[in-house]
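Data block below; observations after.
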Amino acid sequence: MNSPIDLKLRVMAAVQRTPSPPRSRLRRETQIVALVTFAVAAGLFFAFDGMKHGAGRPAWFLAASLGVWAAVAASASLGAWRRGTSFAKGSVASLVAIAVGTPLLLQAISIAFAWSHPALAALHAERIGFRCFALTLAAATCPLVGLSIVRRSSNPMHPIASGAAFGVASGACAGLMVILWCPVAAPMHMAVGHVLPIAFLAVIGSVLGHHVMAIRTARLR
Amino acid sequence: MWVPPPGCPDESWKLVANEAMDRYAGGDDAAFSELYDALSPRLLAFLVRRTRDSELAADLLQQTFLQMHCARRHFTRKAEVLPWAFAIARRLIIDRVRKAQHEPTRSSGSSFPPGALDDDASLLAETACPEGGPDSAIERAQVARRIDRELARLPHAHREAFELVKRDELSMAEAAQVLGTTVAAVKLRAHRGYEALRVALADLADEWQVERE
């Protein structure tokens, strides 16, 4: 049996042996991840010809695609990364809704667009979308891994659902750059090149959530 | 620092704990001792009640504070620390149970001292069995064990909500945060747990009624 004083001394000693940065570091680390994310996305965009690759698209089409995608990405990001007044960042239902609903919503929007503008959707429809798939994954890796590490061992509630929502939000944000780059609006291309990587990132995010963000017992020193 | 014991209606300790955690998250390392003093009695009671093993509970208490220390930068400004601490402790229990290959924590081969085993059930027994009821220590212990057995029979979600609200004295909102659900869901689960317990212990209530008359 431990006496209360012994127990307190043990806890205090364990805490003193374990370095833990204060709150001010969180903001700095998040800013670094955001900066690196932006730099990586910009680097990838310009490495693959930038705006030249998607030249010839009507301005309204580009603006509409970006606007709709940005709105969905912002909603997913707010839901996944928000910091409310409570430590619980959202119910498991809302996190699962983000993880499952966002890719479905984006695919539904692309199908609706193809149905209303068949001529634009038929442009370069033969491109399957492997490059878009790879670009989305590459650009989303930085925010997903970076923010998962920033939030390591901090989620006592729903780490797997949170991780999946993180993955989807990262994919949707990265997809914004890919939408700016890619001229193809065919539903099949959108599914393979733009939506599938987001669903894939949800799976990667849930694994990261389980292994990185979850709180678990450790061997005490 | 004086800390009111569990059961004490004075909730100023919660304000002290919240303020200490806020300072600790901001980098004031000296605030940890205050935080420990304010939270450890309740956390230890919570852990002992669920693990039925004082050594394991002490180990998990240490782990809980260590996790709170490691995650201090994630503590939301002006948030309540008690539900956060309970949620971490609960997660650690679940993790420990999973690591023990899904072996239930409430095992009959407990290493918990028999005298202290039914502390909380005794409190419930005293509540359920006021003056005029069976007043011998043996009877009280039997009632406490019976309550504990009936509690163990409740569905997990109902028992968890009931215990957080009635035994750990968390508010509905705090219990909802610990369980990661809504206040309405906690109210419903705790009420169903209470009703099931009331039905299961109806014979005891009848006995006490007869004795009173």
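Results, tabulated for the structure shown:
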item	result
Any hit, the stretch A:117-125, residues being open to solvent by 30 Å² or more (accessible area, probe 1.4 Å), among the small types (G, A, S) and in contact (Cβ under 8 Å) with a residue 12 or more places away in the chain	yes
Unique residue being surrounded by fewer than 19 Cβ atoms within 10 Å (Cβ to Cβ) and closer than 16 Å to A:I204 by Cβ when the list is A:A108, A:A112, A:A161, A:A134	A:A134
Verdict on B:A176 being surrounded by 15 or more Cβ atoms within 10 Å (Cβ to Cβ), hydrophobic (A, V, I, L, M, F, W, C) and on the phi < 0 side of the Ramachandran plot	yes
Conditions (1) in a helix (DSSP H, G or I); (2) within 14 Å of chain B (Cβ to nearest Cβ); (3) surrounded by 15 or more Cβ atoms within 10 Å (Cβ to Cβ): number failed by A:R28	(3)
Matching entry among B:E163, B:E139 (being charged (D, E, K, R) and open to solvent by 40 Å² or more (accessible area, probe 1.4 Å))	B:E139
Filter result for the condition that a residue is more than 18 Å from A:V92 (Cα to Cα) and within 14 Å of the chain's Cα centre (by Cα), over A:P187, A:P118, A:P143	A:P143
Which listed residue, of A:V178, A:V168, A:V192, is within 25 Å of A:K52 (Cβ to Cβ) and in contact with a Leu (Cβ under 7 Å, 6 or more places away or on another chain)	A:V178
B:D203 modelled with pLDDT under 55 and of a type in the set (D, E, K, R)	no
Qualifying residue in the stretch A:153-164 (condition: more than 14 Å from chain B (Cβ to nearest Cβ) and within 20 Å of A:P103 (Cβ to Cβ))	yes
Number of the condition not met by A:S75 [criteria: (1) within 24 Å of B:A87 (Cβ to Cβ); (2) free of Cβ contacts under 8 Å to residues at least 60 places away in the same chain]	(1)
Residue that is farthest from B:I93 (Cα to Cα) [pool: residues in the stretch A:173-213 that are open to solvent by less than 10 Å² (accessible area, probe 1.4 Å) and within 14 Å of another protein chain (Cβ to nearest Cβ)]	A:G209
Odd one out for A:G54 among (1) more than 14 Å from chain B (Cβ to nearest Cβ); (2) open to solvent by 40 Å² or more (accessible area, probe 1.4 Å)	(2)
Residue satisfying all of: in the stretch A:41-72; on the phi > 0 side of the Ramachandran plot and not in a helix (DSSP H, G or I); modelled with the highest pLDDT among these	A:D49
Residue selected from the stretch B:37-74 under the condition within 30 Å of A:S24 (Cβ to Cβ) and of a type in the set (S, T, Y), by the criterion nearest to the chain's Cα centre (by Cα)	B:S40
Odd one out for A:G101, checked against (1) at pLDDT below 95; (2) in a helix (DSSP H, G or I); (3) within 20 Å of A:G209 (Cα to Cα)	(1)
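This table checks each residue for (1) within 14 Å of chain B (Cβ to nearest Cβ); (2) open to solvent by less than 40 Å² (accessible area, probe 1.4 Å).
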| residue | (1), (2) |
| --- | --- |
| A:L7 | yes, yes |
| A:V15 | yes, yes |
| A:F61 | no, yes |
| A:A71 | no, no |
| A:A93 | yes, no |
| A:P103 | no, yes |
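The values are calculated or read from the model by the stated rules, or taken from the named source; none is laboratory data. Every value quoted in this text rests on a predicted model; they were computed, and no experiment measured them. Virtual Cβ from ideal backbone geometry, glycine too; neighbours counted across all protein chains shown. Heavy atoms of the whole protein, side chains included, go into the accessibility calculation; ligands, DNA and RNA do not. Shrake-Rupley method; radii C 1.70, N 1.55, O 1.52, S 1.80 Å.
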